[in-house]
Amino acid sequence: MGLREPLAQIAAECSLPKALEAVGERWSFLILRAAFNGLMHFEEMQSSLGIARNILANRLGRLVDVGILERTPCADDRRKIEYRLTEKGMALLPTMIALRQWGERWETGCPSNPVLVDKRDQLPVAEVRVHAHDGRPLAWDDLCFVDTAALRAMAAE
């Protein structure tokens, strides 16, 4: 089955709509960027993003409900709440970097400031790419969809 073929079947079993339902909204992505940048408190997110309090509360609640952020009481003041990325939230890092790189290339035409670098050597991170099981970078024309049952049958041979 080619990548551009039976879209109805592909769409019915695709996880992309669920992923977009969880995070596919502008403010949610900006909140996640803030969380990846170390912001954990409602007030600092609100002032950093310039977002209305009710919208921030709504989006934080949604990100907590879907398991991307977790609410934890602050160690030094149990009345205050911290919003921390969960393992599920941290797994969004490649997606966030890929979207940032896409925006730099196609929307702004220049690197974001600050530049995202590797802590060890202070060099910019490489472009996020799709790779084959053996590490080869793949382009659109290298890909196709295969039904799960067919894939299992091929693996069993």
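The values are calculated or read from the model by the stated rules, or taken from the named source; none is laboratory data. Please read these numbers as outputs of a predicted model, since none were measured by experiment. Cβ coordinates were reconstructed from backbone atoms using ideal geometry, including for glycine residues, and neighbour counts include every protein chain displayed. Protein only, heavy atoms only, side chains kept; ligands, DNA and RNA dropped before computing areas. Shrake-Rupley method; radii C 1.70, N 1.55, O 1.52, S 1.80 Å.
Could you provide, to the nearest whole Å², the per residue accessible area of the chain with probe 1.4 Å?
Normalised by residue count, the accessible surface of the chain is 73 Å².
Whole-Hz ³J(HN,Hα) for each residue in region 96-113, computed from phi via Karplus 6.51 cos²θ - 1.76 cosθ + 1.60 with θ = phi - 60°, x for glycine and proline: what do you get?
5, 5, 4, 5, 4, 5, 4, x, 4, 6, 9, 10, 9, x, 8, x, 5, 10
Do any GluC sites (Glu not before Pro) in region 10-61 lie in a loop, going by DSSP, with at most 16 other beta-carbon atoms within 10 Å of their beta carbon, and if so which?
Within region 10-61, the qualifying GluC sites (Glu not before Pro) (loop, at most 16 other Cβ atoms within 10 Å) are Glu25.
Take the Cα coordinates of the chain, assign each an equal point scatterer, and use the Debye formula without solvent to give log10 I(q)/I(0) at q = 0.08, 0.10, 0.15, 0.20 Å⁻¹.
Summing over Cα pairs of the chain leads to -0.34, -0.52, -1.02, -1.36.
What residues have an amide H closer than 5 Å to that of Glu82, excluding those fewer than 5 places away on the same chain, when H is modeled at 1.01 Å from N in the peptide plane?
The list, which skips near neighbours in sequence, is Thr72, Cys74.
Taking all protein chains in place and a 1.4 Å probe, what share, in percent, of the accessible surface of the chain do carbon and sulfur account for?
The nonpolar share, carbon plus sulfur, comes to 57 percent.
Need the list of lysines near Lys119 for cross-linking: C-alpha distance under 25 angstrom, and skip anything on the same chain fewer than eight residues off.
Hits, sequence-local ones excluded: Lys88.
How far apart, in nanometres, would the label points at Ala149 and Arg26 be if each is projected 7 angstrom from Cα along the Cα-to-Cβ direction?
4.4 nm
Expressed in nm to one decimal, what extension gain is obtained for the pair Asp121 and Asn37 from 0.36 nm per residue of sequence separation less their Cα-Cα distance?
Taking 0.36 nm per residue and subtracting the Cα distance, the gain is 28.3 nm.
Kindly provide the helix-only [θ] at 222 nm of the chain, computed as the sum of -39,500 (n - 2.57) over DSSP H runs of four or more divided by all residues, to the nearest 500 deg cm²/dmol?
-12500 deg cm²/dmol
Would you work out the relative contact order for the chain, in percent, from Cα pairs under 8 angstrom that are 6 or more residues apart?
The value is 19 percent.
Starting from 0.36 nm per residue, how many nanometres of slack lie between Ala132 and Leu99 once their C-alpha separation is accounted for?
9.8 nm
With springs only between Cα atoms under 10 Å apart, run a GNM on the chain and tell me which of Arg136, Arg105, Arg59 wobbles the most.
Arg136
For region 131-139, just list the computed ³J(HN,Hα) in residue order, Karplus coefficients 6.51, -1.76 and 1.60, θ = phi - 60°, integers in Hz, with x standing in for Gly and Pro.
Each residue's phi maps through the Karplus curve to give 10, 6, 4, 9, x, 5, x, 10, 10 Hz.
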